[in-house]
1. Given Ala129, Ala117, Ala105, Ala109, which one is outside any helix (DSSP H, G or I) and within 18 Å of the chain's Cα centre (by Cα)?
2. Could you check region 55-92 and list, in sequence order, the residues that are among the β-branched types (Val, Ile, Thr) and within 17 Å of His150 (Cα to Cα)?
3. Which pairs turn up if I take residues in region 43-58 that are touching a residue at least 24 places away in the same chain (Cβ under 8 Å) and look for partners that are assigned to a loop (DSSP other than H, G, I, E, B) with beta carbon separation below 7 Å, at least 6 apart in sequence or on another chain?
4. For region 93-102, does any single residue satisfy the condition of being under 24 Å from Arg139 (Cα atoms) and either outside any helix (DSSP H, G or I) or at pLDDT 95 or above (or both)?
5. Enumerate the pairs (first residue in region 100-113 and charged (D, E, K, R); second residue anywhere and buried (at least 16 other Cβ atoms within 10 Å of the Cβ)) with beta-carbon separation below 8 Å, excluding pairs fewer than 6 apart on the same chain, so at least 6 apart or on different chains.
6. Of the conditions (1) within 30 Å of Ala59 (Cα to Cα); (2) of a type outside the set (Gly, Ala, Ser); (3) at pLDDT 90 or above, Arg136 satisfies every one except a single condition; which number is it?
7. Please list, ordered by first then second residue, the pairs with beta carbon atoms under 8 Å, 6 or more apart or interchain, first in region 122-144 and farther than 13 Å from Ala45 by Cα, second surrounded by fewer than 16 Cβ atoms within 10 Å (Cβ to Cβ) and hydroxyl-bearing (Ser, Thr, Tyr).
8. From the list Asp90, Asp135, pick out the single residue that is within 30 Å of Leu50 (Cα to Cα) and surrounded by 11 or more Cβ atoms within 10 Å (Cβ to Cβ).
Amino acid sequence: MKHSFGFTWALGVVCLTCVTGQGQEHKTDTAAKPAKVSVATYVDADRLPLATIVPAPPADGSETVKAEFQELHRIQAARTPQQVKAAQADDAEEDIFIYRTVLGAGFNAQALPLTTALSTRVHGDEPVASNPLKDRYERPRPYQIDSTLHPV
(Lines give C-alpha, C1' and ligand atoms only; values in the text may rest on other atoms or scores of the structure.)
Protein backbone atom coordinates (compact mmCIF):
# COMPACT_ATOMS: atom_id res chain seq x y z
CA MET A 1 0.00 0.00 0.00
CA LYS A 2 1.43 3.32 -0.99
CA HIS A 3 -0.23 5.37 1.69
CA SER A 4 -2.66 5.16 4.54
CA PHE A 5 -5.69 7.31 3.91
CA GLY A 6 -7.35 6.89 7.29
CA PHE A 7 -4.99 8.80 9.54
CA THR A 8 -3.06 10.85 7.01
CA TRP A 9 -5.89 12.23 4.97
CA ALA A 10 -8.25 12.71 7.87
CA LEU A 11 -5.62 14.98 9.39
CA GLY A 12 -5.19 16.69 6.04
CA VAL A 13 -8.90 17.27 5.52
CA VAL A 14 -9.25 18.75 9.00
CA CYS A 15 -6.32 21.08 8.39
CA LEU A 16 -7.55 21.77 4.89
CA THR A 17 -10.67 23.48 6.13
CA CYS A 18 -8.46 26.13 7.69
CA VAL A 19 -6.39 26.95 4.61
CA THR A 20 -8.35 26.20 1.45
CA GLY A 21 -9.00 29.30 -0.52
CA GLN A 22 -7.57 31.70 2.04
CA GLY A 23 -4.72 33.77 0.66
CA GLN A 24 -4.08 31.46 -2.24
CA GLU A 25 -3.48 32.88 -5.66
CA HIS A 26 -5.26 31.23 -8.54
CA LYS A 27 -2.72 29.96 -11.04
CA THR A 28 -3.71 29.03 -14.54
CA ASP A 29 -0.53 27.23 -15.55
CA THR A 30 -0.33 23.47 -15.35
CA ALA A 31 2.25 22.84 -12.66
CA ALA A 32 3.48 19.33 -12.00
CA LYS A 33 2.19 17.31 -9.07
CA PRO A 34 3.82 18.19 -5.76
CA ALA A 35 7.06 16.40 -5.02
CA LYS A 36 6.86 13.59 -2.49
CA VAL A 37 8.38 14.34 0.88
CA SER A 38 9.27 11.73 3.46
CA VAL A 39 9.98 14.05 6.36
CA ALA A 40 7.58 14.28 9.27
CA THR A 41 6.21 17.75 9.95
CA TYR A 42 3.19 17.25 12.18
CA VAL A 43 3.65 13.79 13.69
CA ASP A 44 6.32 12.88 16.23
CA ALA A 45 6.76 9.11 16.46
CA ASP A 46 7.87 9.41 20.08
CA ARG A 47 4.61 11.15 20.98
CA LEU A 48 2.40 8.89 18.89
CA PRO A 49 2.79 5.43 20.43
CA LEU A 50 0.60 3.61 17.92
CA ALA A 51 1.90 0.21 18.99
CA THR A 52 0.19 0.78 22.35
CA ILE A 53 -3.05 1.93 20.68
CA VAL A 54 -3.39 -0.43 17.71
CA PRO A 55 -4.09 -4.01 18.76
CA ALA A 56 -2.07 -6.89 17.42
CA PRO A 57 -3.55 -8.57 14.36
CA PRO A 58 -5.65 -11.69 14.86
CA ALA A 59 -3.85 -15.01 14.96
CA ASP A 60 -3.42 -16.90 11.69
CA GLY A 61 -6.28 -19.35 11.19
CA SER A 62 -8.46 -17.65 13.81
CA GLU A 63 -12.20 -17.13 13.34
CA THR A 64 -11.51 -13.42 12.84
CA VAL A 65 -9.10 -14.12 9.97
CA LYS A 66 -11.56 -16.57 8.42
CA ALA A 67 -14.30 -13.92 8.62
CA GLU A 68 -11.97 -11.34 7.06
CA PHE A 69 -11.29 -13.62 4.10
CA GLN A 70 -14.99 -14.41 3.69
CA GLU A 71 -15.70 -10.67 3.58
CA LEU A 72 -12.92 -10.08 1.04
CA HIS A 73 -14.34 -12.81 -1.19
CA ARG A 74 -17.81 -11.31 -0.86
CA ILE A 75 -16.51 -7.88 -1.85
CA GLN A 76 -14.55 -9.31 -4.77
CA ALA A 77 -17.59 -11.21 -6.07
CA ALA A 78 -19.87 -8.18 -5.80
CA ARG A 79 -17.59 -5.47 -7.20
CA THR A 80 -18.64 -3.84 -10.42
CA PRO A 81 -16.48 -2.65 -13.31
CA GLN A 82 -17.24 0.92 -12.22
CA GLN A 83 -15.97 0.17 -8.72
CA VAL A 84 -12.81 -1.37 -10.17
CA LYS A 85 -12.23 1.72 -12.29
CA ALA A 86 -12.81 3.99 -9.27
CA ALA A 87 -10.42 1.94 -7.13
CA GLN A 88 -7.73 2.10 -9.81
CA ALA A 89 -8.16 5.87 -10.09
CA ASP A 90 -7.94 6.15 -6.30
CA ASP A 91 -4.74 4.10 -6.29
CA ALA A 92 -3.20 6.36 -8.95
CA GLU A 93 -3.90 9.51 -6.92
CA GLU A 94 -1.07 10.33 -4.56
CA ASP A 95 -2.28 13.47 -2.83
CA ILE A 96 -5.21 15.15 -1.12
CA PHE A 97 -6.63 16.39 -4.41
CA ILE A 98 -8.48 13.12 -4.85
CA TYR A 99 -11.23 14.96 -2.97
CA ARG A 100 -11.87 17.20 -5.99
CA THR A 101 -14.67 14.77 -6.84
CA VAL A 102 -16.42 16.11 -3.75
CA LEU A 103 -15.05 19.65 -3.51
CA GLY A 104 -15.12 20.50 -7.22
CA ALA A 105 -12.70 20.98 -10.09
CA GLY A 106 -11.18 24.08 -8.47
CA PHE A 107 -9.76 21.86 -5.74
CA ASN A 108 -6.44 21.21 -7.46
CA ALA A 109 -2.74 21.70 -6.87
CA GLN A 110 -2.39 24.53 -9.35
CA ALA A 111 -5.21 26.62 -7.88
CA LEU A 112 -4.33 25.99 -4.22
CA PRO A 113 -0.58 26.21 -3.61
CA LEU A 114 -0.91 26.44 0.19
CA THR A 115 -3.13 23.37 0.25
CA THR A 116 -0.59 21.64 -2.00
CA ALA A 117 2.16 22.40 0.51
CA LEU A 118 -0.02 21.17 3.38
CA SER A 119 -0.86 17.98 1.51
CA THR A 120 2.80 17.33 0.79
CA ARG A 121 3.73 17.78 4.44
CA VAL A 122 0.85 15.62 5.70
CA HIS A 123 1.80 12.92 3.21
CA GLY A 124 5.36 13.12 4.53
CA ASP A 125 4.04 12.25 7.99
CA GLU A 126 2.34 9.05 6.85
CA PRO A 127 5.44 6.82 7.07
CA VAL A 128 6.08 8.01 10.62
CA ALA A 129 2.77 6.46 11.62
CA SER A 130 2.55 3.47 9.31
CA ASN A 131 6.09 2.13 8.94
CA PRO A 132 6.64 1.19 12.60
CA LEU A 133 3.36 -0.72 12.59
CA LYS A 134 4.18 -2.43 9.31
CA ASP A 135 7.58 -3.41 10.68
CA ARG A 136 6.12 -4.64 13.96
CA TYR A 137 3.25 -6.71 12.60
CA GLU A 138 4.64 -7.80 9.22
CA ARG A 139 1.21 -9.04 8.21
CA PRO A 140 1.11 -10.20 4.58
CA ARG A 141 -1.50 -8.86 2.20
CA PRO A 142 -4.53 -11.15 1.85
CA TYR A 143 -3.79 -11.91 -1.82
CA GLN A 144 -0.33 -13.12 -0.75
CA ILE A 145 -2.02 -15.79 1.37
CA ASP A 146 -5.03 -16.60 -0.80
CA SER A 147 -4.33 -16.77 -4.54
CA THR A 148 -8.05 -16.62 -5.34
CA LEU A 149 -8.11 -12.99 -4.21
CA HIS A 150 -7.30 -10.57 -7.02
CA PRO A 151 -6.73 -6.94 -6.13
CA VAL A 152 -7.72 -4.45 -8.78
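1. Values: Ala129 fails: outside any helix (DSSP H, G or I); Ala117 fails: outside any helix (DSSP H, G or I); Ala105 fails: within 18 Å of the chain's Cα centre (by Cα).
Checking each option against the conditions leaves just Ala109.
2. Those that are among the β-branched types (Val, Ile, Thr) and within 17 Å of His150 (Cα to Cα): Ile75, Thr80, Val84.
3. Close Cβ pairs (under 7 Å, with a partner that is assigned to a loop (DSSP other than H, G, I, E, B)) amount to Pro57/Arg139.
4. Within region 93-102 (the criterion being under 24 Å from Arg139 (Cα atoms) and either outside any helix (DSSP H, G or I) or at pLDDT 95 or above (or both)), the answer is yes, since at least one residue qualifies.
5. So the pair list comes out as Arg100/Phe107; Arg100/Asn108.
6. Only one criterion in (1) within 30 Å of Ala59 (Cα to Cα); (2) of a type outside the set (Gly, Ala, Ser); (3) at pLDDT 90 or above is unmet by Arg136, namely (3).
7. Filtered contacts from region 122-144: Val122/Thr41; Val122/Tyr42.
8. After applying the criteria, what remains is Asp90.
The values are calculated or read from the model by the stated rules, or taken from the named source; none is laboratory data. These numbers come from a predicted model, not from an experiment. Virtual Cβ from ideal backbone geometry, glycine too; neighbours counted across all protein chains shown.
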